[in-house]
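Novice: One structure is given below, represented as structure tokens, and several questions about it will come after.
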Amino acid sequence: MKKLLKYRDIKAYIITVLEFAVNDFRKKYSGSALGMAWAYIQTIMMVVVYWCVFQFGLRVGGAGGMPFLAWFITGYMPWMLFSDIINSSLGCMSEYSYLVKKVVFDINIIPLAKIIGCMFVHTVFLFIVLGVAFAYGIFTGMYLFQILYYLAALLLFAVPLAFWCCTVSVFFKDFAQGVGILLNILMWITPILWDFSIASGIPAILFKLNPMFYIINGFRESILFGTGIMQHWLNGLYFWGIVVFLWIKCIRTYKALLPHMADVL
């Protein structure tokens, strides 16, 4: 009986989070003529702009003989998902301050809903990425299933950071601006728009210390090059060590500051 009740509680909680996420996603684009379509238009337009500038303007080619568009969007998709998760989490507690102040409301639902809302957009983007790869005749067979592993890795990396950011941004009002600058810097030092093979020595080692390098490189190797996960097992160990550290430190900070959040808001 207790197991049945527990199962029902978990099911009810999941349904609540999903409903909250859907309502939040709709509210974000309510009032506009195209509505939720803007979420997809904005992402696609950014891809088109980067593609035109780098391929036709700067004459940049993709790595490993790959077409630039296929090579670029396989790295840009996971980065955009990560970036959107962090950005959407920054002001979520202030946005729903009236719920945070309610004693009976589970505050954890707010950042979780924001993360799920980001997934609504970028799951579609992932299928567009695969469609572009197939259009160029690129198909890596069973290696495509590795996408699920790298997607899970991305979420497990981003979730504790999102919870930490949504908490710290409540107490430090300038925090969101600092994170925005940091994300822009990280995008350009992460091999999304440039070929990592041009780096060597100490710079190459430093670039690999960025956890997003492991994820973006993994997406590209799964979709374009057909390289197995174990080819980079050492980078994988480093990445998962970072993830464990973030879950311990970030969630601890989140839990410590959570009781004081309503007072600040």
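The values are calculated or read from the model by the stated rules, or taken from the named source; none is laboratory data. No experiment lies behind these values; they were computed from the predicted model shown. Neighbour counts run over all protein chains shown; Cβ positions are idealised from the backbone, glycine included. Note: accessible area is taken over every heavy atom of the protein model, side chains too, but ligands, DNA and RNA are not part of it. Shrake-Rupley method; radii C 1.70, N 1.55, O 1.52, S 1.80 Å.
Novice: Looking at the stretch 29-50 only, could you name the residues that are modelled with pLDDT under 75 and surrounded by fewer than 17 Cβ atoms within 10 Å (Cβ to Cβ)?
Specialist: Answer for the stretch 29-50, where residues must be modelled with pLDDT under 75 and surrounded by fewer than 17 Cβ atoms within 10 Å (Cβ to Cβ): Tyr29, Ser30, Gly31, Ser32, Ala33, Leu34, Gly35, Met36, Ala37, Trp38.
Novice: What are the residues in the stretch 221-255 that are hydroxyl-bearing (Ser, Thr, Tyr) and open to solvent by 40 Å² or more (accessible area, probe 1.4 Å), if any?
Specialist: Correct list: Tyr238, Thr253.
Novice: So which residues in the stretch 80-120 are outside any helix (DSSP H, G or I) and either open to solvent by less than 20 Å² (accessible area, probe 1.4 Å) or among the hydrophobic types (A, V, I, L, M, F, W, C) (or both)?
Specialist: The answer is Tyr96, Val103, Val104, Phe105, Ile107.
Novice: Taking the conditions exactly as written (closer than 30 Å to Ile185 by Cβ, hydroxyl-bearing (Ser, Thr, Tyr), at pLDDT below 75 and open to solvent by less than 30 Å² (accessible area, probe 1.4 Å)), does Tyr76 satisfy them or not?
Specialist: Against the criterion (closer than 30 Å to Ile185 by Cβ, hydroxyl-bearing (Ser, Thr, Tyr), at pLDDT below 75 and open to solvent by less than 30 Å² (accessible area, probe 1.4 Å)), Tyr76 does not qualify.
Novice: Just for the stretch 190-241: of the residues that are among the β-branched types (Val, Ile, Thr) and touching a helix residue (DSSP H, G or I) at 6+ places or on another chain (Cβ under 7 Å), which one is nearest to Val129 (Cα to Cα)?
Specialist: Per the stated criteria, the residue is Ile223.
Novice: Among the numbered criteria (1) under 17 Å from Ala158 (Cα atoms); (2) without any contact (Cβ under 8 Å) to a residue 24 or more places away in the chain, which one does Asp174 miss?
Specialist: Of everything listed in (1) under 17 Å from Ala158 (Cα atoms); (2) without any contact (Cβ under 8 Å) to a residue 24 or more places away in the chain, Asp174 misses just condition (1).
Novice: Which residue pairs have Cβ atoms under 6 Å apart, sit 6 or more places apart or on different chains, and have a first residue in the stretch 75-94 that is within 18 Å of Leu224 (Cβ to Cβ) and a second that is part of a helix (DSSP H, G or I) and of a type in the set (D, E, K, R)?
Specialist: That search, which allows pairs on different chains as well, returns Gly75/Arg220.
Novice: Being open to solvent by less than 70 Å² (accessible area, probe 1.4 Å) and not small (Gly, Ala, Ser) narrows it down to one of Tyr143, Tyr149, so name that one.
Specialist: Tyr149
Novice: Still on this structure, please answer the following. Somewhere in the stretch 122-130, is a residue without any contact (Cβ under 8 Å) to a residue 40 or more places away in the chain, farther than 19 Å from Met66 by Cα, assigned to a helix (DSSP H, G or I) and out of contact with any Cys (no Cβ under 8 Å at 6 or more places or on another chain)?
Specialist: In the first step, residues of the stretch 122-130 are kept if they are without any contact (Cβ under 8 Å) to a residue 40 or more places away in the chain; the result is 123, 127.
Checking which are farther than 19 Å from Met66 by Cα leaves us with 123.
Filter once more, so that each one left must be assigned to a helix (DSSP H, G or I): 123.
Those left that are additionally out of contact with any Cys (no Cβ under 8 Å at 6 or more places or on another chain): 123.
Within the stretch 122-130, one or more residues are without any contact (Cβ under 8 Å) to a residue 40 or more places away in the chain, farther than 19 Å from Met66 by Cα, assigned to a helix (DSSP H, G or I) and out of contact with any Cys (no Cβ under 8 Å at 6 or more places or on another chain).
Novice: A further question follows. Cβ contacts < 6 Å: first residue within 19 Å of Leu237 (Cβ to Cβ) and part of a helix (DSSP H, G or I), restricted to the stretch 150-163; second residue of a type in the set (Val, Ile, Thr) and open to solvent by 10 Å² or more (accessible area, probe 1.4 Å), any location; separation 6+ or different chain. Result?
Specialist: Note: pairs meeting the criteria are Pro160/Ile251.
Novice: So which residues in the stretch 143-178 are among the hydrophobic types (A, V, I, L, M, F, W, C), over 26 Å from Asn217 (Cα atoms) and in contact with a helix residue (DSSP H, G or I) (Cβ under 8 Å, 6 or more places away or on another chain), if there are any at all?
Specialist: Those that are among the hydrophobic types (A, V, I, L, M, F, W, C), over 26 Å from Asn217 (Cα atoms) and in contact with a helix residue (DSSP H, G or I) (Cβ under 8 Å, 6 or more places away or on another chain): Cys166, Val168, Val170, Phe171, Phe175, Ala176.
Novice: Which pairs have Cβ atoms under 9 Å, sit 6 or more apart or on different chains, and link a residue in the stretch 184-207 that is under 19 Å from Glu221 (Cβ atoms) and assigned to a helix (DSSP H, G or I) to one that is basic (Lys, Arg) and open to solvent by 50 Å² or more (accessible area, probe 1.4 Å)?
Specialist: Every condition considered, the pairs that remain are Phe196/Lys208.
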